[in-house]
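Take a look at the structure below.
Coordinate-derived values only; no laboratory data. In this text, all values refer to a predicted model and were calculated from it rather than measured experimentally. Here the Cβ positions follow ideal geometry from the backbone for every residue, glycine too, while neighbour counts run over all protein chains shown.
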Amino acid sequence: MAINLRGKSFLKLLDFSSQEIRYIIDLSKQFKKLKLTGTPHRYLDGKNIVLLFEKTSTRTRCSFEVAGRDLGMGVTYLDPGSSQMGKKESIADTARVLGRLYDGIEYRGFSQKIVEEMARFAGVPVWNGLTDEFHPTQMIADLLTIEEKLGCLKGLNFTYFGDARNNMGNSLMVACAKMGLNFTACAPKELFPDEKLVEICKKIAAENNSSITLTDDVKTSAKNADVIYTDIWLSMGEPDDMWEKRIKLLKPFQVNKNIMNLASNNAIFMHCLPSFHDTKTTIGKDISQKFNLNEMEVSDEVFESKQSVVFDEAENRMHTIKAIMYATLM
Ligand code: CP
Ligand code: NVA
């Protein structure tokens, strides 16, 4: 059946079939080729999009901006302090206004409910640029990167170390289930993902001949993994006074050389970024002074190793966001 995503919002991968996800990945490859060969692709000339950010961003914002411009669109960026939304104007009213002015809306914020509500009222596609629950545009970039590096998706062993109930843990579990990768979340039990979401993902995984495993056994999780993935231990919006507790909980789950040595020979290391792998950031320095810890979720050695594909992954954010916008706006 022909795939048609025109007019559809991109809020979480659960809303898309495996075939639709495959279509977006393949489209991303085509856009990457056009970009790398310098071939103009202003296919959405004359359209306009707005990027609404209630949290900070480097990759997501810049990817939407560059992708939007490459496609010929006008781009407006609204930072956390500069719109009326929430303070003087409801989500529904904001969505209805922006939907009259723009052809598409990107939203990064706190609850998934807000982005879902925006999509109900906007009348134009809304793209989720990260909420506390899901980070779906990151997933297409991650799937593309895995396929580029390892040649396939189906049947690969994917292990995620760290906070398995944050936006990345949730999204990766869904993405793996949809595309037939065996997903293992290796985390302390209190950071396991929501049981309902796990049940949904187990059903999807079964349909795609793959599995979902939750465990706190680091060694077994690393063994024979094709992809090792981690994320920061404290996400945007979580209070700073939780660092101490999180560090204690997650220190045994740090991705380091011992873990990579257990993984398969051609295993890759992935991270959505930003990452605390050294003390060259203000938070990194602060943590180092307070807790005597110079690297957190991943050791600097692994981050800088040949197995690390984090910057290819970051580049792919732009090509894949372009495909998502094109598929839903064309
Ligand atoms: N990975 C990611 O979403 O990065 P930013 O927070 O910089 O957008
Ligand atoms: N879990 C992280 C992901 C950042 C891309 C956060 O929400 O801060």
* Name, by its number, the condition in (1) closer than 26 Å to Asp312 by Cα; (2) part of a loop (DSSP other than H, G, I, E, B); (3) hydrophobic (A, V, I, L, M, F, W, C) that does not hold for Phe110. => (1)
* Applying the selection to segment 233-251, what residues are without any contact (Cβ under 8 Å) to a residue 40 or more places away in the chain and more than 16 Å from ligand 2 (Cβ to nearest atom)? -> Asp241, Lys245, Lys248
* Structure fact -> Here the residues within segment 123-138 that are surrounded by fewer than 24 Cβ atoms within 10 Å (Cβ to Cβ) and either basic (Lys, Arg) or more than 18 Å from Gly237 (Cα to Cα) (or both) are Gly123, Val124
* **Condition broken by Leu36, with the remaining ones in (1) in contact (Cβ under 8 Å) with a residue 12 or more places away in the chain; (2) away from ligand 2 (no atom under 16 Å from the Cβ) satisfied** => (1)
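Kindly provide the set of residues from segment 52-89 that are within 18 Å of Ala323 (Cβ to Cβ) and in a loop (DSSP other than H, G, I, E, B), ordered by number.
Selection gives Leu71, Gly72, Met73.
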* Can you tell me which residues in segment 142-173 are surrounded by fewer than 24 Cβ atoms within 10 Å (Cβ to Cβ) and either under 24 Å from Arg6 (Cβ atoms) or away from ligand 2 (no atom under 11 Å from the Cβ) (or both)? -> Thr145, Glu147, Glu148, Lys149, Leu150, Gly151, Cys152, Lys154, Gly155, Leu156, Asn157
* Asked: Given the conditions (1) assigned to a helix (DSSP H, G or I); (2) within 16 Å of ligand 2 (Cβ to nearest atom); (3) of a type in the set (A, V, I, L, M); (4) under 24 Å from Val310 (Cα atoms), which single one is not true for Leu130?
  -> (1)
